[in-house]
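Heads up: the structure comes next, in structure tokens.
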Amino acid sequence: MTYVITEPCIGVKDASCVDVCPVDCIHTTDEDEQYYIDPDICIDCEACVHVCPVTAIFYEEDVPEEWKSYTQKNRDYFAAKTDEERRAFRTRTQRQPD
């Protein structure tokens with residue numbers, strides 16, 4: 001199981017979830033309308049849930065019925081990426097030491 005980012009994120013793209021994720025599994029591009037959680041990397045820590053200002057993140061089994069399609073949307077987002085693109089996400093978003 002994993003966490004899923006749903007409709008309330010669209011157009012908001014607040015990066016608070018990215019900042020608290022210990023495994024760097026939340027990604028987007030400038031062209032995307034929302035953030036996405038990579039289900040292969042997410043460790044189900046739920047740190048992102050508590051900082052989301054629009055309550056867009058749910059555990060996969062708890063996604064409200066009207067947003068169930070976002071579970072597959074998150075999976076498809078990463079499935080469409082090549083291994084190289086997925087590695088680039090991790091390289092580009094690695095946190096720099098203070």
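Every number here is computed from the coordinates shown, using simple stated rules; none is lab data. What you see is a predicted model; the values in this text were computed from it and never measured. Counting neighbours? That spans all protein chains shown, and the Cβs are built from the backbone with ideal geometry, glycine included.
In the range 1-14, the residues that are assigned to a loop (DSSP other than H, G, I, E, B) reach residues that are surrounded by 18 or more Cβ atoms within 10 Å (Cβ to Cβ) and of a type in the set (A, V, I, L, M) with C-beta atoms within less than 6 angstrom, at least six apart or across chains, in these pairs: Thr6/Ala56.
A count restricted to the range 48-58 and to residues that are in a helix (DSSP H, G or I) and surrounded by 15 or more Cβ atoms within 10 Å (Cβ to Cβ) stands at 3.
Could you please find all residues in the range 59-73 being assigned to a helix (DSSP H, G or I) and aliphatic (A, V, I, L, M)? If the condition is that a residue be assigned to a helix (DSSP H, G or I) and aliphatic (A, V, I, L, M), then no residue fits.
Screening Asp76 against (1) in contact (Cβ under 8 Å) with a residue 40 or more places away in the chain; (2) part of a helix (DSSP H, G or I) leaves a single unmet condition, (1).
Restricted to the range 59-77, and to residues there that are buried (at least 19 other Cβ atoms within 10 Å of the Cβ) and aromatic (Phe, Trp, Tyr), the residue that is farthest from Cys9 (Cα to Cα) is Tyr77.
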